[in-house]
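Notes for the one structure printed next.
The values are calculated or read from the model by the stated rules, or taken from the named source; none is laboratory data. For clarity, every value in this text was computed on a predicted model and none was experimentally measured. Ideal geometry is used to build each Cβ from the backbone, glycine not excepted, and the neighbour counts take in all protein chains shown.
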Amino acid sequence: MSRTRNYTEDCMEIQKRFFETLQDLVSENKVPGGVSGYLDTYGIDKRHFYTQKKDNGRGYFDVGWIVPLVRFYRVSPLWLLTGKGKVFRKSRTDEKT
C-alpha cells in the first residue's frame with residue numbers, strides 16, 4: 001500500500017489538471033471506453049488511479065499517466081505542467097503559447 005506523500009503544490013496542481021482534463025475528454029466522448037478504456041489502453045493500474053483521485057496525497061501519481069493526454073489527445077504539456085496557455089494544441093507542433 002502506498003504511503004501518503006508530501007507532493008509539492010505544483011505537483012498537486014498538475015494532478016488536478018490531469019484528472020479534470022481526462023474527465024472533460026471522457027464527458028465529450030473523446031476517450032474510447034471512457035476512463036476505464038484510458039486506464040486499460042495505457043496500462044494504468046485502476047486501483048492506483050482511483051485511490052489517487054480520491055486522495056491526491058497518495059503516492060501513486062505517475063508522470064506517465066499524463067503522457068497519453070499529450071501524445072494522443074493534443075493536450076498542451078505547457079498547460080498541464082504550468083497551467084499557462086491553452087489546454088489543447090491545434091497541432092502537434094503548436095507549443096508557442
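Structure values in brief
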| read-out | value |
| --- | --- |
| Residue match in region 26-49 (condition: within 11 Å of the chain's Cα centre (by Cα) and modelled with pLDDT under 95) | no |
| Residue tally, condition surrounded by fewer than 17 Cβ atoms within 10 Å (Cβ to Cβ) and without any contact (Cβ under 8 Å) to a residue 24 or more places away in the chain, over region 34-53 | 9 |
| Residue list for region 87-97, filter: loosely packed, with under 13 Cβ neighbours inside 10 Å and either at pLDDT 95 or above or under 18 Å from residue 24 (Cβ atoms) (or both) | 90 |
| Count of residues meeting criterion [more than 21 Å from residue 43 (Cβ to Cβ) and touching a residue at least 40 places away in the same chain (Cβ under 8 Å)] in region 78-88 | 4 |
| Unique match (being surrounded by 14 or more Cβ atoms within 10 Å (Cβ to Cβ), without any contact (Cβ under 8 Å) to a residue 12 or more places away in the chain and of a type in the set (Val, Ile, Thr)) among 31, 70, 75, 63 | 70 |
